[in-house]
Amino acid sequence: MITALTLEDLPRIIEVEQQAYPRPWSERMFLQEFANPLGITFGFRREKLLGYIFAWMIFEDLHINNIAVDPRERRSGIGSALLQATIETARLQGGGHATLEVRSSNLTAVALYAKFGFVKVASRLGYYEDTGEDAIVMGMRLSK
């Protein structure tokens, strides 16, 4: 079930984040996301939080900052459900475009985003400090 995230979710968010990414966000980064009045946050729950998404809605532009799913629950539709809820929310708020960055090696995520209509619009060379890996910038039109 998709629900709004709260600060009470923070310990589980950090747990999933640490399992999902080689260089996880810090608690401070998540606190900043919760404090941002432009933020859109959703969690996916089945008895406990299994995934989450953090995004910003700046004027008509949606920017997806972080999406993660418990590695044991991947490929079960959780990421798709979170992305769909966020896109629908942005559309309801008058969103016209969406963007995100993804590691060039994360082919699973690239395929997920492409399924929703995201296309590669640019690259950011050496974007990820931990490995020097490039980011693919993907974007899509939200208005139909």
For this session: Report, by residue number, each residue of the range 68-91 that is touching a helix residue (DSSP H, G or I) at 6+ places or on another chain (Cβ under 6 Å) and either in contact (Cβ under 8 Å) with a residue 40 or more places away in the chain or among the acidic types (D, E) (or both).
Result: A68, V69, D70, P71
For this session: Could you check, for the range 40-56, whether at least one of its residues is over 22 Å from L142 (Cα atoms), in a loop (DSSP other than H, G, I, E, B) and not acidic (D, E)?
Result: no
Exercise. Before we move on, is A111 under 16 Å from the mean Cα position of the chain (by Cα), more than 15 Å from Y21 (Cβ to Cβ), surrounded by fewer than 17 Cβ atoms within 10 Å (Cβ to Cβ) and without any contact (Cβ under 8 Å) to a residue 60 or more places away in the chain?
Worked result: yes
For this session: Quick one: E33 ticks every box in (1) closer than 25 Å to E129 by Cβ; (2) part of a strand (DSSP E or B); (3) in contact with a Gly (Cβ under 6 Å, 6 or more places away or on another chain); (4) not polar (S, T, N, Q) except a single one, so which number is it?
Result: (2)
For this session: Could you check how many residues of the range 96-144 are farther than 12 Å from L62 by Cβ, out of contact with any helix residue (DSSP H, G or I) (no Cβ under 6 Å at 6 or more places or on another chain) and not in a helix (DSSP H, G or I)?
Result: 26
Problem set entry | Complete set of residues in the range 18-48 that are closer than 20 Å to I2 by Cα and basic (K, R) | R45, R46, K48
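Each value in this text was obtained by applying a stated rule to the coordinates, not by laboratory testing. In this text, all values refer to a predicted model and were calculated from it rather than measured experimentally. So basically every Cβ, Gly included, is an ideal-geometry build from the backbone, and we count neighbours across all protein chains shown.
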